[in-house]
Every structure is written in structure tokens, then in C-alpha cells.
Amino acid sequence: NFSFEDILGVSGGGGGRRGGMGNYMVRPQSGVASVNAIGVNYSDTWGKRNQVTFQGSYFFNNTNTENRSTVEKWYEAPMIPDTLSTNGYSDTKGYNHRFNARLEWKISENQNLMIRPRFSYQSNDPWSETLGWQYGESGYSRTDNFSDALRHGYNVGTSAVYRTKLGKDGRTITLDGSFSYSDNTNNSNSWSNVKPISDVRPGAGDDPLAWDPADYTDLRYLRSEAPSSSYSLRGSFTYTEPVAKYAQVSLQYRISYNSQERDKRSFVTDDDTFTGGVLNPLLSNSYESGYLTQSVGPGFRFSKERNTFIANVYYQRSALDGQIVRDDAEKIKHAYNNVTYFMMGQLNINRENSLRLFVSSYTDSPSITDLQSLYDVSDAQNISHGNPNLKPTYSHRVNFHYTNSNVEKGRTFMWMFSMNTTLDYTAQHLVQRPGDITIDGQAYSPNFYSTTENLDGYWQLRTHLSYGLPIGFLKSNFNVMAGVIYTKTPSMLGGTVDAATGMISGGERNDTKNMGYDFRAVLGSNISENVDFTLSWNGTYNEATNSLNADKSKNRYFNHTAQGNLKVVFPLGFTFTASAAYSQYIGFTNDYSEDYLLCNVWLGKKVFRNKRGEVMVGVNDLFNQNRAFSRSTGSGYTQNSTNSVIGRYYMVQFNYNLRRFGKKGSRNIKDYDGVESSSGSRRMGPGGPGGPPPGMFHGPR
């Protein structure tokens, strides 16, 4: 539960591009979080023949997350050599209520209806401040940003699926529909530095975080109000008809409509009391939009024994009808036509060998905020502008999976391959030090100016091999895994800003290529239920290049982790649990080294006659060395960043394994193992609280 449900878009991506609707993603947050959470699940069957099945859950949590962060970002060829060095602090309080239910009614032998209502409410109170400098050949500028916001909103919706068989096996009709509505409020007070870049170096030595910021700071204070609402309607009709003993054809029609309204008003105030103020149209943005998407197409399905082949093709038309609400009321209308496809094949060659293949395409249309011809000067040092000429992205995806499993010998081999390429990729066009820019009568001199444009040539290729076998004399299993991932991301650098249109002319294309190699080896015990150990090592080597870099040099770095876990159950029910992990990050091009050792030790005692309970006392991060360090690369930059971690702490915990639920409950604990949610977290039912407590299976996690 150290995460939140982002129905407000507070993490920068909530809601989705087309309608701003909550997409029920659960996102992790950096920093140290204090959490209170409670949840309840209920399930039952009703009716004389148990033809109605109900599952429902209510979940609540509140989080308080504090984070101290650092960023060291080096701009390098083909960019102007510069360094960005910042320190940040944030404190975010959040409250989440979530209700989900599923009602399935087997109306008759040939008819079935499933309804899924949902409701969520979120309140979010983030406070943050970032201070630092950007300096180098481009000059010197001060980073001074502050924000204190209060956001709250709700999302309510339902979906329903009705299926009926029409007498003949394989002849069916499916009706699928959903409705969702959200209403959000977003109020904030903030300030940022609007002082132009200076060519004069600050004093006080070489440490940029110690330079005197007084002569490099001119703060602009803002009070903003941004209520928004949106709704979505979706429906589909599918008809299937058998054409042979093992084959079906189908016809599907889908339609969806997403509507959104937003009215952001920003007032420039005199000081940090954030009272009164004058409305600033450049920092305000009110719009309304509607996206209508329709698709229709045939499908084919063949299924015999355990072999399946499915193919669908769709003609898709998307139409955006929007309006920027301001003095000149800019209209935005676009229509897009595409053909998309989906194919899936599963071939079981024999008992030991199987193949799975997925091939598909999909589109992502630009939103009204992407298309509006407005400046964004909310960060005066990083100004951006929309692009009314953006086109939808069109992506092709391939996933291949081969498995060889020898049950008698306990050996397993797997090969995975995936490919993703995008036409008209939405790429950034970035100009460093564009010079003085006059916007609505006010002069700006930003570090960076950017727009977006469509570029072909985005690629991501990944392949992965895995092999596992038992080691008899150790009574253990050994697994080795190796993989390669290649990513090519296009962008544009340089050019001239057109003061009349806000667009960038000229510039050169830069392809950032990243090649990563990873390897992992794991030795896991299978000795007895009283001895459990795991030894593992994994490492990743990365190389990044920029096509505009004249010397074609590579940015190379490596990180690896060696880890061991042990749990022993002694006579009389005493237990010992320990783990140790050594992690190291090494930079070859930019020389750096970061490493730490994380150790956890626990002592416990099994209790009760059936040994289902366990009391444990322990310490996490025994040597208080934990770190949250990461390195990333992009178009003309390399970045190191750190975030807060909890460090050493002590804990007493009690676990009890329940093995029977209700009159019809199973006595087998495996029936109640946590299931994977769509976000990857473990849950004990639909939308319910977190999975088994630490130590329930293999000690604390």
C-alpha cells in the first residue's frame, strides 16, 4: 500500500490522453512513506441454484510521504556542455477510498450478464521545493521552484457485459458497455524563478550549491485554480458464427466517446501570501473537448485441442472536436483514419514444447493540450509550445515466447523476444539557449525551449533466455537468465524559434540509442521445510550513444547486485531469518562509483500447537547503508539522481496463517495465495487489501 491511485493525474500521467479519465493505475512514490490502510472483501452466491455470484471490496489508505532528492544532470555533445545540480524536498499527504464490485448473473443456460460498478475518491496535498543551479558554457541560472497544492476528486463508473448463445455451438452475441464520470479540483500556490540567464559567474568558490543566489533570482508568485470534469461512454457489439468444427468467424463494432472540460486560472500575486493577484492569460488554460472513436472489422478464430489461432482487423476513425476557451476561442478539429490488427497463435508441439506469438498494432491520438497553439511559461527557464499539426502515433508490436519443459528431469528452457516500433512517434524538439523570446509583451531568456513533432524511427527490441535445472546433491534448483534490450529514440535538437507561431524551424535529428545487457543467476534450495536459502547475482551493462555526437563516443555504465537469503526452523520452533544484498553502480564514461550493503536479521518463534503462528523480532538495514540511486541517459544528457530511503529500523511482528474460510472454505493454504493485480501488486481479492504479511512464506519481504 505504499502507493496511490492516481485519479487526479498528480503523477503526470493519470487519466490517459484521450479523455482525462481515471485509469486506475497504482503508482509508486519516491521517498519514505507512513501508511495506514484497511480493507474488506465480501463474496457470496445467491439464488436457488447459486446463479448469482457477488464479489465486493472497500479499501482505504492514507499516506504521508517525505522525500529528499538530488539531481546531477550533465548535458553533453551534441548539446552545449552544461551541468544541472539541484536539491529537492517534498512532503505529500494522500487519502484514497476505493470501492469495487462484480455481479455475475447466469440468467439461463445460454445467457449471462456481468456488471462491475466502481467508485473512488482521492485527496492529495503535495508540498515541494527545489533549489539549485544550471551552469556551464551556456551561462548561469538559478533554479528556485516551490509548490503547495490541494487536490481532490472522485471517479464513478460501471461496466456491463451480456453474452448469449444462439442455439448453435459457436454462434454468440456479446454486448459490452461502460460509463465513467470524474470531477476534480486542483488549487495551488507556487513560485518560480523568471530571472534571465547570466554570463557572469557567481562567487563563493566552485561549489554551485554554495553560490549566492541573490543576484540570479526574480521570483514570480502564482495562485492557481483548475477544476476539471470528464465523462466517457463506451460500447461494443460482437457476433460469432461457426464455419467449421474448430473454426469461427466474427464481426465486431466498437464505439467510444470521451468528453473533458478544464478551466485553469492563474493569478500573479505580489508576494508569498498568494492573495489577490492579476489573471495571467499565458498561465491560464480553459478548454473543452470531445473524442469520438469508432472501429469495425472481422475476425477469425481456430481452436483445436490446445492449439489456438486468432486474427482480427479493424478500420478505425477518431475525431476530435475541441475549443480553447479564451478571447479568440481557438477551435481544434481533427479526424484520423487507421487500420489496426491483432493476431495471436498458441502451438503446443508436444508435452514439452510450446510456442506463443502475439502480433498487433495500435494508435495513440494527440490530446487537445498537445494540439493547442499556446505557450507554457509556467517554468520560465523551460518554455514549451503546443503543435497543432501533430498526428497520431501508429505502433506495431510483436511478442514471441518459446518454452521447453522436461517435467521428469525438472529442466525448463524459455526464449522470449519482443519488438515495438512506432511511426509518427511524438518526439521532442529542443533548443538550448534559444536567446531572448518575447511572449505577450514580456521578454524571456530560457535555458530550453521545446515543442513536439512526429518522427519515424522509434524502436525497442528485447530478447531474453532462461534455463533452469535441479542440482541433486545440493537439493536445490539453479536458474540462469540473460537478455539484451535495444532502444532507439528519435528527437530534434537546435533550430530557430519563430516568434509569430511559436514553432521551431531548422534543427537536426538526433537518435539516442541505448543497448543494455543483463545476466542473472539464482540458486534456490529445496532441502526441506525447515531450511530455505537463495543465492543470486544479477548485473546490467549499458551503452548509450547520440547520433549527432561527432566522435560517436559511448556513455557506458554498469550496476550489479549479489544477494543471499536464509531461513532456518530449529527444534522447539525457533527460527532464524537473514538476508544480505550488496549493490554497486559504476560509471565508466562519467567516472563514479556508488555501493552499499543491505542486511536484515530476524529471530522468531513458532507458536500454537499447529505452528501456524510466528512471533518475530528483527532489524532491517543493519548497517544503515541503504541508498536510492539511479542513472539514466537521454538525448544529449546523463543524469544521476537519489531519493530518500527509510534506512535502519526495528520491528516486532506476528503472523498467523488462516487455512479455513466459511462453511465451504478450503483447508489448503495454497487456495488463498495472493493473486496478481493489474498493477503487479499482490492482492487477496478484487480491489482488496495487500497480500500475505511479511514472513508468511519465506520471511520478511
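Couple of notes before you dig in:
- Any chance residue 43 is of a type in the set (Gly, Ala, Ser), at pLDDT 90 or above and either closer than 30 Å to residue 555 by Cβ or exposed (fewer than 15 other Cβ atoms within 10 Å of the Cβ) (or both): yes
- Condition check for residue 274: of a type in the set (Phe, Trp, Tyr), outside any strand (DSSP E or B) and surrounded by 15 or more Cβ atoms within 10 Å (Cβ to Cβ): yes
- A single entry from 379, 440, 370 fulfils the requirement of being in contact (Cβ under 8 Å) with a residue 60 or more places away in the chain and in contact with a helix residue (DSSP H, G or I) (Cβ under 6 Å, 6 or more places away or on another chain): 440.
- Restricting segment 393-437 to residues that are acidic (Asp, Glu) and at pLDDT below 95, the residue that is surrounded by the most Cβ atoms within 10 Å (Cβ to Cβ): 436
Let's see how each residue does on (1) more than 22 Å from residue 396 (Cα to Cα); (2) over 33 Å from the mean Cα position of the chain (by Cα):
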residue	(1), (2)
254	no, no
270	yes, yes
277	yes, yes
285	yes, no
289	yes, no
296	no, no
313	no, no
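Yes or no, residue by residue, for (1) modelled with pLDDT of 85 or more; (2) under 22 Å from residue 604 (Cβ atoms); (3) surrounded by 12 or more Cβ atoms within 10 Å (Cβ to Cβ):
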{"residue": "629", "(1), (2), (3)": "yes, no, yes"}
{"residue": "632", "(1), (2), (3)": "yes, no, yes"}
{"residue": "647", "(1), (2), (3)": "yes, no, yes"}
{"residue": "653", "(1), (2), (3)": "yes, yes, yes"}
{"residue": "663", "(1), (2), (3)": "no, no, no"}
{"residue": "671", "(1), (2), (3)": "no, no, no"}
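- For residue 383, the conditions (1) farther than 30 Å from residue 444 by Cα; (2) assigned to a strand (DSSP E or B) all hold with the exception of (1).
- Count of residues meeting criterion [within 30 Å of residue 451 (Cβ to Cβ) and either surrounded by 15 or more Cβ atoms within 10 Å (Cβ to Cβ) or under 22 Å from the mean Cα position of the chain (by Cα) (or both)] in segment 477-508: 16
- Count of segment 279-318 residues which are out of contact with any Ser or Thr (no Cβ under 8 Å at 6 or more places or on another chain) and among the aliphatic types (A, V, I, L, M): 4
Listed here are the residues, each with its yes/no results for (1) out of contact with any Cys (no Cβ under 6 Å at 6 or more places or on another chain); (2) more than 27 Å from residue 256 (Cβ to Cβ); (3) surrounded by 17 or more Cβ atoms within 10 Å (Cβ to Cβ); (4) hydroxyl-bearing (Ser, Thr, Tyr).
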| site | (1), (2), (3), (4) |
| --- | --- |
| 92 | yes, yes, yes, yes |
| 101 | yes, no, yes, no |
| 112 | yes, no, yes, no |
| 119 | yes, no, no, no |
| 143 | yes, yes, yes, yes |
| 158 | yes, no, no, yes |
| 176 | yes, no, yes, no |
| 179 | yes, no, no, no |
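- Matching residues in segment 587-604 - criterion: being surrounded by fewer than 17 Cβ atoms within 10 Å (Cβ to Cβ) and either more than 23 Å from residue 534 (Cβ to Cβ) or at pLDDT below 90 (or both): 588, 589, 590, 591, 592, 593, 594
- Among the residues making up segment 569-586, those that are aliphatic (A, V, I, L, M) and modelled with pLDDT under 95 are 569, 572, 586.
- Taking the listed residues 186, 193, the one that is under 31 Å from the mean Cα position of the chain (by Cα) and over 24 Å from residue 444 (Cα atoms) is 186, with no other qualifying.
- Sole residue being surrounded by 17 or more Cβ atoms within 10 Å (Cβ to Cβ) and outside any strand (DSSP E or B), chosen from 170, 203: 170
The values are calculated or read from the model by the stated rules, or taken from the named source; none is laboratory data. Everything numeric in this text was worked out from a predicted model, so none of it was measured. Every residue, glycine as well, gets a Cβ built from its backbone with ideal geometry; the counts of neighbours run over all protein chains shown.
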